[in-house]
1. Report every pair of residues separated by at least 6 positions or lying on different chains whose Cβ atoms are under 6 Å apart, first residue within the stretch 224-235 and within 24 Å of Tyr270 (Cα to Cα) and open to solvent by 70 Å² or more (accessible area, probe 1.4 Å), second part of a strand (DSSP E or B) and modelled with pLDDT of 90 or more.
2. Mind checking which pairs have a first residue in the stretch 96-119 that is farther than 14 Å from Leu157 by Cα and part of a loop (DSSP other than H, G, I, E, B) and a second that is open to solvent by 10 Å² or more (accessible area, probe 1.4 Å) and modelled with pLDDT under 95, Cβ under 8 Å, 6 or more apart or different chains?
3. Quick one: in the stretch 637-660, which of the residues that are assigned to a strand (DSSP E or B) and in contact (Cβ under 8 Å) with a residue 40 or more places away in the chain is nearest to Met343 (Cα to Cα)?
4. Being small (Gly, Ala, Ser), within 30 Å of Pro443 (Cβ to Cβ) and in a helix (DSSP H, G or I) is the requirement here; does Ala486 meet it?
5. For the stretch 286-311, which residues satisfy the criterion of being surrounded by fewer than 21 Cβ atoms within 10 Å (Cβ to Cβ), within 21 Å of the chain's Cα centre (by Cα) and closer than 14 Å to Phe542 by Cα?
6. So which residues in the stretch 120-145 are touching a residue at least 60 places away in the same chain (Cβ under 8 Å) and part of a loop (DSSP other than H, G, I, E, B)?
7. Of the conditions (1) in contact with a helix residue (DSSP H, G or I) (Cβ under 9 Å, 6 or more places away or on another chain); (2) open to solvent by 10 Å² or more (accessible area, probe 1.4 Å); (3) polar (S, T, N, Q), Gln483 satisfies every one except a single condition; which number is it?
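The values are calculated or read from the model by the stated rules, or taken from the named source; none is laboratory data. Not measured: the values here are computed from a predicted model. All Cβ positions, glycine included, derive from the backbone under ideal geometry; neighbour counts span all protein chains shown. Accessible surface is based on the protein model in full, side chains and every heavy atom, while ligands, DNA and RNA are left aside. Shrake-Rupley method; radii C 1.70, N 1.55, O 1.52, S 1.80 Å.
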Amino acid sequence: MKTTIQILLFTILSFSISASATETLTLHHGWHIIRGFDAFAKGEPVDLPHTWNAADGMYGNTDYYRGLSTYRKALHVPVEWEGKRIFLKVDAAQTIADVFVDNQFVMQHRGGYTAFVAELTDFLQPGKDAKLDILVNNTANVDIAPICGDFNIFGGLYRGVQLLITEDLCIDPTYYASSGVFFTQTEVSEQQAKLRVTTLLSHPEKKYEDFELEFQLWEGNKQIRKLTSSVLDIAPDLFQTSHLPEAQVTMNMEIKKPRLWNGTQDPFLYKGIVILRQNGMEIDRREEEVGFRYFHADPEKGFFLNGRPYRLLGANYHQDRAERASALHPKDYMEDFDLMQEMGSNAVRFCHYPHAKFAYQQADRRGLVSWPEIPFVNVFVNNPAYKENLRQQLHELILQNYNHPSILFWGLFNEINSGWMERPSLMVKELHQLARQLDPTRPTMGASNQNDDFNGFTDLIAFNKYFGWYGNDFHEMGEWIDQEHANHPGRMMGVSEYGAGGSVYQQIDTLVHPDPWGAWHPENWQTLYHIENWKQLQQREFLWCNFIWCMFDFSVASRKEGSVFGRNDKGMVTYDRQVKKDSFYFYKANWNKNENVLYIADRRNDQRRQPETTIQVFSNCGEAELFVNGVSFGKRAPDAVHVLTWDHIPIQKGENRIEVKNKTMKDECTWWR
C-alpha cells in the first residue's frame with residue numbers, strides 16, 4: 001500500500017522528501033490558467049514557473065495584459081496526512097494573490113516579488129481531493145510597491161509553489177515565509193567568529209513539550225560543532241517587531257580560525273543543520289549554508305572585505321529574458337551568472353525588487369557580493385496602505401534572505417523623486433531604522449539620481465548617472481563625482497548605474513552621439529561611452545561600488561527606441577543571451593583576472609564606407625600586432641583601460657581581413673568596403 005501511495009504521489013505531484021518527517025512537494029505540474037475568474041472553467045494547461053505576459057509584454061505593447069488570472073490545480077490529499085499540518089508556500093505571485101481551497105478564501109498576499117505561506121490544514125480533508133485556486137492580479141495599484149518603474153510587471157506564478165507537510169510541532173514556516181532559522185554572525189575575524197542560531201517553533205495549540213533542537217556545523221564532510229537546547233526563550237523578540245514569533249530557541253557558539261567567505265577568490269561555505277526532535281525522533285530540519293565574513297566601507301578608501309580592499313565591480317540584473325520573461329528556470333540563472341563571471345564581475349545588484357532564492361544561492365556559491373532591494377521606485381504616496389506595504393516587503397526581503405552570506409547590504413530605494421509626487425524623506429528614514437532593527441549586522445543603502453536629503457539617511461549611498469547618454473558629456477562623470485565627494489566627504493559613495501544603449505544590429509563607422517529616445521542606438525557609441533566612463537571611475541578608488549546598467553537587455557513596454565521597440569538595450573549581452581556586445585569584452589579585459597582577452601572591437605560593423613578607420617582592440621595580455629590583409633601595421637601596448645589603438649588604417653575596396661596577434665592569442669574578423 002505504501003509503495004502504491006508513493007507512485008500515485010509521484011504521478012500527480014512532483015515531490016522531494018527531506019531527511020526528516022517533513023515532506024516538501026513541488027507543485028510545478030498539472031495547473032490550468034483561466035483569464036479572469038470562473039469557478040467552473042477548466043482553463044489552459046500550464047506548468048510552473050509561468051507568466052501570462054511572456055508573449056505580449058516583450059515588444060513594445062503598452063497594453064500587455066495587466067489583470068486577473070486564476071491558476072487552478074487538483075490537490076491529492078492522501079489519507080496518510082491525517083494528523084499532519086499542511087502549508088502552501090508560493091515563492092512569488094505578481095502582484096496580488098488570493099488563495100482559495102474548494103472555493104473557501106484562505107488568505108491574500110500583496111507584493112509580487114517575495115514568498116508567502118498559507119496554512120491549509122483546516123481546509124483539507126485527508127483522503128479527499130481538493131481544488132486549489134490562486135487568483136493572481138498584476139493590475140497597477142497605488143498601495144503596493146512598485147507603483148511604477150522602467151520595467152515590466154509580468155503577471156503570474158513565475159517562481160514556483162510547494163506544499164509542506166509537517167507534524168503539529170515544527171520549525172515555523174509562516175514567519176514572513178522565512179525558513180524559521182536565522183544565523184547571526186558577529187565579531188568575525190581570521191581568528192574567530194561568533195554565531196547565534198535562532199530557531200522559531202510553531203504548534204497549533206502552543207504545546208512545546210518533550211522537544212530538543214540540535215544545531216550542527218559542517219565543514220565539508222566533517223562535523224566540527226554541535227549544540228543542543230530544549231529551552232524556549234522567555235521573550236521571543238528576535239526582530240523586535242509587532243509580529244512576534246510563537247516560540248523561539250537561541251543557541252550560541254564560537255568558531256576558532258574560521259575559513260572565511262572571501263568573495264570570488266574563495267567563496268567557502270559551511271553547512272548549518274538545525275534538527276527538531278520530539279520524544280527522541282526527528283520531526284523537522286533546516287539546512288542552510290553559512291559563510292563567515294566581515295566588511296566595511298570607507299569614505300576615502302572604498303570597500304573592504306575581510307580587512308582587504310575589495311572594489312565591487314558588476315552590473316545590474318533584472319529577472320527577464322527572451323521567451324521566458326520573468327519565469328526563469330535554474331539553467332537560465334546558471335547561464336546568466338556564468339556570463340557575469342566571465343565578464344569579471346565580483347558583485348551583482350539585484351534590481352529593483354527581491355529576486356529568487358536560487359539567484360542569491362548562486363551568488364553565495366560563486367562569491368558574488370549581492371545588493372538586493374525592495375521595489376520602492378520613483379514615487380512615494382503618503383498612503384497608509386502603501387507605507388505598510390513597503391514595511392511588509394522590507395520584512396520579507398530581510399527575513400527570507402537573512403542567512404545568505406553574499407548579501408552584505410539592504411537596498412531601500414531606487415530613483416525616488418520628491419518632484420514627482422510626495423516627499424519620500426520620512427519614509428526612507430523609517431525604512432532605514434526598520435532595516436537596522438531587523439538586521440543590525442548589515443548596512444542600508446539607496447540608489448539615487450537626486451540631490452536630496454534622503455541621500456544621507458542610509459548607511460551607504462550610490463548614484464545613477466548617465467553622463468554621455470541622457471545629454472551631457474561623458475567626461476563630466478569624474479567632475480560630478482569629485483564635486484559630490486567634496487560636498488559630502490563623510491559619505492560612503494558609489495555608482496549604482498551608468499550605461500548607454502547599444503544595438504548589435506545598428507553599426508556605423510562614424511561616432512555621433514545618438515538620441516537616447518530615438519530609433520538609432522549604434523553599438524560603437526555604447527562602446528565609447530563605457531571606455532570613457534571607466535577611465536574616470538577606475539581612478540576614483542573611494543567609490544565603494546561600480547555597477548553597470550545593465551548586464552542584459554530587458555523588456556520595457558513603454559520604450560520606443562533602438563532597433564527593437566519595447567526593449568532597454570543598455571545590456572552588455574543581448575536579451576536572448578546570444579551576443580556579447582563589444583562593451584562586454586571591454587570589461588572582461590579590465591575586470592577578469594583569470595582569463596586572457598584579445599578582442600577586435602567594432603567587428604560587427606563589417607560594411608565600411610570610409611577609406612580610413614581607427615581600429616581598437618581590448619587586451620589584458622600585453623601588446624599585440626595588427627595585420628590588415630596580411631600587412632603589419634605595427635604593435636601597440638594597452639593603455640590604462642586595456643585598449644590598443646591604431647589610427648588612420650586604410651581600408652581597401654572589397655574584402656579586408658583584420659587580424660591581431662600577440663604571443664599567445666589571436667583574433668580576426670572580415671570587413672567589406
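1. Arg225/Leu217; Arg225/Met253; Lys226/Gln216; Thr228/Glu212; Thr228/Glu214
2. From residues that are farther than 14 Å from Leu157 by Cα and part of a loop (DSSP other than H, G, I, E, B), the pairs are Asn103/Ala39.
3. Taking the stretch 637-660 as the starting set, the residues that turn out to be assigned to a strand (DSSP E or B) are 643-650, 655-660.
Subsequent filtering for residues that are in contact (Cβ under 8 Å) with a residue 40 or more places away in the chain retains 643, 656, 658, 660.
Working: Val643: 16, Asn656: 29, Ile658: 24, Val660: 21 Å.
Per the criteria, the residue is Val643.
4. yes
5. Once the filter is applied, which keeps residues that are surrounded by fewer than 21 Cβ atoms within 10 Å (Cβ to Cβ), within 21 Å of the chain's Cα centre (by Cα) and closer than 14 Å to Phe542 by Cα, the stretch 286-311 yields Tyr310, Arg311.
6. Within the stretch 120-145, Asn138, Thr139, Ala140, Val142, Asp143, Ile144, Ala145 qualify.
7. The one condition Gln483 does not meet is (1).
Each row is one residue, and each column tells you yes or no for (1) closer than 15 Å to Ala315 by Cβ; (2) surrounded by 24 or more Cβ atoms within 10 Å (Cβ to Cβ); (3) touching a His at 6+ places or on another chain (Cβ under 8 Å); (4) modelled with pLDDT under 95.
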position	(1), (2), (3), (4)
Trp544	no, yes, no, no
Asp553	yes, yes, no, no
Arg559	no, no, no, yes
Asn592	yes, no, no, no
Asn596	no, no, no, no
Ile600	no, no, no, no
